[in-house]
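This report concerns only the one structure given below.
Coordinate-derived values only; no laboratory data. Please read all numbers here as calculations on a predicted model, not as lab measurements. We place every Cβ from the backbone using ideal geometry, glycine too, and count neighbours over all the protein chains shown.
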Amino acid sequence: MDIFRILLASHHMHLPINWYVLRYLDSSSGSNPNCAKFRFVRFSIDRRILISRVHNFVISRGNCRFPYQIMSRTITFSGLNWTVRDTSSTTQGPGSNWWSNSTSNVWVDSNGWLHLKITKVGTKWLCPEVYTTGNYKYGTFNWKIEGPVTSPNGSFDKNVVLGLFTYPAAGGDGTNEIDVELARWGNGSYPNLNFTSYPNTLLSDFKNHTKTTEMALNGNYTSHQFQWRNNNVSWVSRHGHSATGDIILSDSYNGDGNSQRLPQQNCKVHMNLWLFEGLAPTDGVQVEFVIHSFTYTS
C-alpha cells in the first residue's frame, strides 16, 4: 500500500509531523460528499506502527491536490485563535486520556472567558485541550484563572491536572517546554503547584528543572506567569488577578549558565485539563476551570 507524507499545519489537527496517511479508505462518508475517510498511523524509528486510527474529515475537493486541507474546530479567546484537540477514536497522552473537542468540554462564554471541563459520558472521562494556531518564543506568558469552579477554596482531586504551558511546534517530549501545572500526580500528599522547564536537547546531563509548593487558597482566583528568555526562565504565581497580589510561589532558572539547558525553539501555547494516568477523579465529580484571560508580550 502507498504511504503518503501529509504535512499538516498544527492549527488543522493535533498531530506531530511524524504522522502519515497510510491509506485513503473512502471517497465519501455517509451522506456528505465532501467528507473523506483516512487512516492515520504513527511510526517508531524502526518503522513499526505505534498507533493507528481512522478519521472522517470534511475536505476541500475543488482543484486541490492531495493532501486535502483538514478542517477542525478552532476558537477565539483573548484575541488569539486556538485549535481544540480531539482524539475521539483513541486515548492519547498525557495520561492516556480521551480528548474531546465538544462544546461541553471547551467553550468561550459571553464574558469572553474560556471554560475547560472534564466530563463523563458513559464510561469515558473526556478531557479538554487547546493550543494556539501560531508559534511563540521568548516573552512573557500570563494567565488569570478561576477554579475549579465547583470548589470555593480552589481544592481539586489528586488525579486532576491543569496544564498552562508552551510545547515545541516541532520536536519531541522532554524538550523545549515550560510548564505551570496544578496537580498532585495521583498522590494526595504531593504539593499541588508545579513549575517546570525542559532543555533544548535531550542529553544525559540536561535535566528538567522543577520547583513545587503547596498552594492553599482562600478562594479560587489565581494568576500564573512565566517569562522566557534565551538565558533564563522565571515564574510567579499569585493569589487573585491583580499584578500585585500576594505571591504563592516564584522561581528563576538560568540553565546553570548553559542556554542549551533552557528552551530555545518555537512553541505553541497550550492549556489542558486532564487525568493523571487516565484515572477517574476519586470523588467521581466532573471538574471545570475558567481561564479569564491569557496574554503574551514579547
>> Compute the orientation-averaged projected area for the range 166-296 from the convex hull of its Cα atoms and round it to one decimal in nm².
In response: 9.1
>> Once the convex hull of the alpha carbons of the range 74-297 is built, what does its volume come to per residue, in cubic angstrom?
In response: 123
> Do you know the relative contact order of the range 89-216, to the nearest whole percent, from alpha carbon pairs under 8 angstrom that are 6+ apart?
Replying inline: 13
>> Take TRP185 and GLN286, extend 7 Å from each Cα along the Cα→Cβ direction, and tell me the distance between the two endpoints in nm.
In response: 3.0
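What does the charge dipole of the range 74-297 about its Cα centre add up to, to the nearest 20 debye, if the Cβ of each Lys and Arg holds +1 and the Cβ of each Asp and Glu holds -1?
With only Lys, Arg, Asp and Glu charged at Cβ, the dipole is about 240 debye.
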> Going by average Cβ neighbours within 10 Å, how do the peptides 124-137, 156-169, 202-215, 78-91 rank, with the highest at the top?
Replying inline: 156-169, 124-137, 78-91, 202-215
